[in-house]
Amino acid sequence: GDYIQIGTGLHKCLPTVTSDSSGNATIDIWPRLGVSPANDELIVTNNTVGVFRLTENVVTIFEADESRLYSVGFSCVEAKP
């Protein structure tokens, strides 16, 4: 359930991964890669981030109920370069 970042893509690791004594491992991720990363491309495992965009042009995303509790809601998808 951990996330890794490859370039600007955010990917979820599906099963538990165990590396060999050299630190090499095969990681099953979702979503699958569309293009194989370059050799020695950085894979971020801490403080991962992704690039997302709203699925629609939303003007008002804040709502308040009778007790003045505010909530925020929106839909987004990962931005593809």
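The values are calculated or read from the model by the stated rules, or taken from the named source; none is laboratory data. What you see is a predicted model; the values in this text were computed from it and never measured. A quick note on method: Cβ atoms are made from the backbone with ideal geometry, for glycine too, and the neighbour counts reach across all protein chains shown. Each accessible area value is taken on the protein alone, full model and side chains, heavy atoms only, with ligands, DNA and RNA left out. Shrake-Rupley method; radii C 1.70, N 1.55, O 1.52, S 1.80 Å.
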### Task
Kindly list, by first and then second residue, each pair from a residue in the range 14-30 that is in contact (Cβ under 8 Å) with a residue 24 or more places away in the chain to a residue that is open to solvent by 60 Å² or more (accessible area, probe 1.4 Å), limited to pairs with Cβ atoms under 7 Å and residues at least 6 apart or on different chains.
I29/K12; I29/L14
### Message
Any residue at all in the range 65-77 that's part of a loop (DSSP other than H, G, I, E, B) and within 15 Å of the chain's Cα centre (by Cα)?
### Response
yes
### Task
Quick one: in the range 42-59, of everything that is polar (S, T, N, Q) and closer than 17 Å to A79 by Cα, which residue is modelled with the highest pLDDT?
T48
### Residues of the range 17-41 satisfying the condition of being open to solvent by 80 Å² or more (accessible area, probe 1.4 Å), of a type outside the set (D, E, K, R) and within 29 Å of S75 (Cα to Cα)
W30, G34, V35, S36
### Message
Can you pull out every residue in the range 48-79 that is under 11 Å from L10 (Cα atoms) and open to solvent by 80 Å² or more (accessible area, probe 1.4 Å)?
### Response
V49, F52
